[in-house]
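Nothing in this text is a laboratory measurement; each read-out follows from the coordinates by a stated rule. What you are looking at is a predicted structure, and each value in this text was computed from that prediction instead of being measured. Every residue, glycine among them, receives a Cβ derived from its backbone with ideal geometry; neighbour counts consider all protein chains shown.
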Amino acid sequence: MSKTLSIDGQEIPFEDGQTIMQAAAANVYIPHLCHHPEFTPHGSCKLCTVKVNGRNCSACTFPAAEGQEVLNNTTDINADRKKITQMLFVEGNHFCPSCEKTGNCQLQAVAYHLNMLDNHFPLFYPQRELDASHPDVLIDHNRCIFCTLCVRASQEQDGKDVFALSGRGITKHLIVNAPSGKLKDSALVADDRAAHICPTGAILIKRTGYTIPIGQRLYDHHDISDVSLATAETQHDQ
Amino acid sequence: MHVFIDKLVAEHQFKATDLLAILRAIQARYHYIPPSAIAHLAKVLALSASHIIGVVEFYSFFHLHPQGDYELLISDSITDAMLGKQALMDLLSEKLSVAVGAVRADGLVSLANTSCTGLCDQGPAGLVNGHPLTQLTPARIDLITTLIHQHIPVEDWPAELFAITDNIKKTDLLLTQPMPLGSALAAACKRGFTETLAEIERSGLRGRGGAGFKTAMKWQFCREGHADNRYVICNADEGEPGTFKDRVLLNQYAHQVFEGMTIAAAIVGATQGFLYLRGEYSFLYEKLAAILHARCEAGLLGENILGQGFSFTIKICLGAGAYICGEESALIESLEGNMGIPRNRPPYPVTHGYLGKPTIVNNVETFLAAAHITLHGSATFASMGTQQSKGTKILSICGDCLHPGIYEFVFGTTIKDILETCGATEVLGVQIGGPSGVFISAQEVERRLAFEDVATGGSFIVFNQTRNILDSVTNFTHFFAHESCGFCTPCRVGTSLLKQQIDKIVGGHGSAGDIVALEELCQLVKSQSHCGLGQTAANPILSTLERYPELYQRLLKKISYEPGFDLDAALATARHLTQRDDAAAHLAQIGEDHE
Amino acid sequence: MTSKIRIATTSLAGCFGCHMSFLDIDERMLNLAELVEFDRSPLTDIEHCGSCDIGLIEGGVCNSENVHVLREFRKNCKILVAVGACAINGGLPAMRNFIPLEECLAESYLHGIGVEHPQIPNDIELPLLLNKVHPIHEVVKIDYFLPGCPPSADVFWKFLTDLLEGREPSLPYELVHYD
């Protein structure tokens, strides 16, 4: 008999050692941005916050346990998630109409999923740089949400250490491990997983941005909840 | 420079965990961490340069760009502000010809604010090249600027500038009864360590950092299960503004604190301990190191302690200006040579702490109390206090009172009694537990000092009726935005938004909707943040909104909405460039026909 | 006397693209015309906004005139709507926010390629530029937001028909776009 927990009243089986997010993956969509099933959980974006037996927990790091009563898709929780997404939008510079990633961007897709229509908060308009020095990859720091997926992908899959977060609080920023601090002088190559993992348009592969026209892209027609569940199911089958 | 670094790194046995100590030495010598130092360190410590840069940019006392030969930092605590800090800062800035937050063009001096330096009973205070300056006055500012302009090394400055007094005003159980060297440890050996743990359990001792976790339970969790190594950490990262008791305890009662740590080590089976001392208290380092040395000489530390066959050593590690490192898992990260970012929990430090091993982290005062209980037994301790809060609590009292300093009170004492004892009159209220604690108004002074009523790690800031509570709310809210580690979205962005929103309202630009937005934001930051910092960052606003809604209401404009930025000021550049000053070149902050 | 709903529209720091998209409701405009009439709008020649039910604002706030117009709309419109990316987050014009205003004007009017008779225009008839472009919700209170660059004709249609038929306006997934 496998163990189960309940998410919004639905019984979900899990195995020992799994997080709530892992248990939910193919069954229930829990919004997330810094989480990716292939990498060590980070727990920083806080979009996956669920209520476990009445207490707020990050689903991506919190261990699943027998009999847990988890609340996920509730009006209150989703309202908080929308505000957290709005925070991510106002702290950076997210001009979707001029971003290559639009329509394929997970930040945007989560915002669509949560029916976010405005920014709610005042915009910070921080001064951030663009690093187009690399022949094949560019970083637009304006769109970085500090999820560290590139950091983890580089360390855990590419066996490199190209990216890191630096600074504290609102001055947090992504840095590149190179004497010049420039991407061109780093060990990154276009085939690296780290170059393809960014959930937003902060790290882009050059000359590929408009292969699929705007309007025909993934999240233009598919809610990220459906995409996420379908992906998890495919991975599960494999 | 490479020679200096090679020697330094060798002294630290090439250990990457010692990164903070190494960077402290480089910063002290060069007044910044030069790029070539980073590159060289990366090589000899086998770290990535980006990791080192990350650490440098995380801690306030490290800089990627040169600071002045004289690095002047003035404490930004509300208590320093109440003692006239701002005028002194202006004076310093004027006399030294350097803007706050800047380095003078000739590189001689830099001037900046810093978070509370733990000298609130003798402020306004500051630091020059890491040395604490106390009781700053215009006359002392004159002297300091003269010394700087004469290029006198800080080591040769008059000692009175650096004089620190302990100001112990009231003692009780812990601070009165003397404890001969090694006596508590001997008592523990005699009683047996398991039985000593039981004795501590019977005492009802709870953690003195503020959260109040049962000490014996924490130690029990740590000693359970298999592990090849365990660690004992004393949290002396006393960063909560208004707190300074640990400074005094370490200055006068260090033996007892170390003895408490050694007893804990014997109980949980640890061989290595750390004292994580906040960077602001680096002046205590030599003295504490000498005490550790003396304890080794006396057979109270090191190999085969008291002939009982167990070994334990204590290493002092200095912080580098980061309030968040008071959070136990952030502290552990910092000890490992990383940015001080709180870990995801579970697992907890008692099972996965320093280097992934079972670790206990306790407050200075907790170890002091544990040593006392071990020596004198639990009965007296447990007979004092309240149902859920046994023994005494040591408070750092400052602000508007006649006798600021250290006070030991029995748990259950009313706030009123505490106020009378410290000579506070015409009290408006007290901030208890620092910015992350609560504001108690003069109408609530019958409440009691206890975990089940008003809990505190020790900070007790008195405000009299001449004070504007919103000044402290603003100060505290800015403090949290400055100290947020930035790991999680709600705290990273939320504390900055709180700062903007409180500034808008206190600046007189708020309307009714802004209070609603403020409250909403407070609840979001409180409920969604990753750790205690974010979860308490909205407390100053929430606790005053609840008690003094009229203070906020009075500031609001009777309009539906006002912009959060100064419209007319936003035209200043264009006016200047076009040389215009006609009526159309200006904007009113509120529309003319606004209702 | 008319019982028609009065709508005013304007473009601040915008490109009129949202207005063009609005017109893309095509023949549905005829249905709409039976229910609404237009006050101040590029579609009419009315210079100042009278009392209205709905105000649609395209574009962000980049200069003093934008502030005045926005305030006029807020004062006169029961429901004020931010239409399109620029009204909501400053959009493309806000990308000048990362360049100091001095440099923007110097590049445009003093040192830019092809500039003749370099001088920064200073006629008092010209509105002055704000240091930064701001979304309109930072200047006045906004009741609804229609994202998109531009929002599609269907967004306008759905939003207005919801309002006209007394429903709380809502946009289904397919209609929410930021691009």
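Figures for the structure shown
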read-out: Check: segment B:394-532 dipole with +1 on Lys, Arg Cβ and -1 on Asp, Glu Cβ, in debye; value: 360
read-out: Cβ-placed point charges (K, R +1; D, E -1), dipole of the protein assembly as shown about Cα centre in debye, nearest 20; value: 2640
read-out: DSSP bridge orientation in the protein assembly as shown - percent antiparallel, rounded to nearest 5; value: 50
read-out: Cβ-based charge dipole, chain B, positive-most Cα from B:S334, B:L91, B:G239; value: B:S334
read-out: Angle between chain B longest axis and helix B:19-30 axis [Cα atoms, degrees, rounded to 10]; value: 60
read-out: Built amide H within the under 5 Å cut-off of B:N113, gap 5+; value: B:I74, B:G101
read-out: Taking only Cα atoms of segment B:470-555, radius of gyration then Dmax in Å; value: 11.8, 36
read-out: Mean-position separation - Cα centroids, segment B:476-545 and segment B:434-453, in angstrom; value: 21
read-out: Relative counts (whole %) of C-alpha pair distances in segment A:100-221, using bins that are 10 Å wide; value: 13, 41, 34, 12, 0
read-out: Protection proxy ranking of B:368-374, B:158-164 - average other beta-carbon atoms within 10 Å, highest first; value: B:368-374, B:158-164
read-out: Of all DSSP beta bridges in chain B, antiparallel share, percent nearest 5; value: 45
read-out: Over 24 Å (Cα to Cα) - which of A:K82/C:K132; A:K182/C:K132; B:K499/C:K132 fall in this group; value: A:K82/C:K132; A:K182/C:K132
read-out: Net charge over other residues, Cβ less than 15 angstrom from the Cβ of C:I136 (K, R count +1; D, E count -1); value: -2
read-out: Exposure proxy order (Cβ contacts within 10 Å, fewest to most) of C:E107, B:E199, C:E168; value: C:E168, C:E107, B:E199
read-out: Residues of segment B:565-589 with amide N under 19 Å of a point placed 7 Å along Cα→Cβ from C:L126; value: B:570-587
read-out: Peptide ranges B:9-18, B:30-39, C:69-78 listed from the most packed, as the mean C-beta count within 10 angstrom indicates; value: C:69-78, B:30-39, B:9-18
read-out: DSSP-defined antiparallel bridges as percent of all bridges, chain C, nearest 5; value: 15
read-out: Dipole magnitude of segment B:2-58, debye to nearest 20 (Cβ charges: Lys/Arg +1, Asp/Glu -1, about Cα centre); value: 60
read-out: Proximal lysines to B:K214, defined as alpha-carbon separation beneath 23 angstrom and excluding residues fewer than eight positions away on the same chain; value: B:K245, B:K357, B:K390, B:K393
read-out: Inter-label distance for A:Q127 and C:R28, nm, one decimal - labels placed 7 Å from Cα along Cα-to-Cβ; value: 4.5
read-out: Residue-span extension gain [B:A198 to B:K315] - 0.36 nm each, minus C-alpha spacing; value: 39.4 nm
read-out: Distance (nanometres) between label positions extended 7 Å along Cα→Cβ at A:T40 and B:Q553; value: 5.3
read-out: Highest average packing first - B:337-348, A:106-117, B:98-109, Cβ atoms within 10 Å; value: A:106-117, B:337-348, B:98-109
read-out: Selection from C:P151, A:I20, A:S225, by position along the positive dipole direction of the protein assembly as shown (Cβ); value: A:I20
read-out: Shielding score for A:91-101, defined as the mean number of other chain Cβ atoms within 10 Å; value: 5
read-out: Charge dipole (chain A, unit charges on Cβ, about Cα centre) - positive-most of A:P122, A:T85, A:I203; value: A:P122
read-out: Cα long-axis angle, helix B:2-11 against chain B (0 to 90 degrees, to the nearest 10); value: 40
read-out: Kirkwood Rh and Cα Rg combined as Rg/Rh, chain C; value: 1.02
read-out: Residue mean of other protein chain beta carbons inside 10 Å, A:176-184; value: 2
read-out: Part-to-part distance (alpha-carbon centres) for segment B:61-125 and segment C:115-179, which is given in Å; value: 45
read-out: Cα long-axis angle, helix B:85-96 against chain B (0 to 90 degrees, to the nearest 10); value: 80
read-out: Taking N as its residue count, the alpha carbon Rg of the protein assembly as shown over 2.2 N^0.38 Å; value: 1.00
read-out: Estimated [θ] at 222 nm from DSSP helical runs (n ≥ 4, -39500 (n - 2.57)) normalised by residues in the protein assembly as shown, nearest 500; value: -10500 deg cm²/dmol
read-out: Length gained when the stretch B:S527-B:A382 is fully extended (0.36 nm per residue, less Cα-Cα span); value: 48.7 nm
read-out: Euclidean distance of C-alpha centroids, segment B:231-296 and segment B:388-433, integer Å; value: 24
read-out: Burial ordering of C:I57, C:I79, fewest other beta-carbon atoms within 10 Å first; value: C:I79, C:I57
read-out: Inter-chain Cβ neighbour average for residues A:157-168, partner chain, 10 Å; value: 5
read-out: Percentage, to the nearest whole number, of Cα pairs in segment A:39-143 over 16 Å apart; value: 67
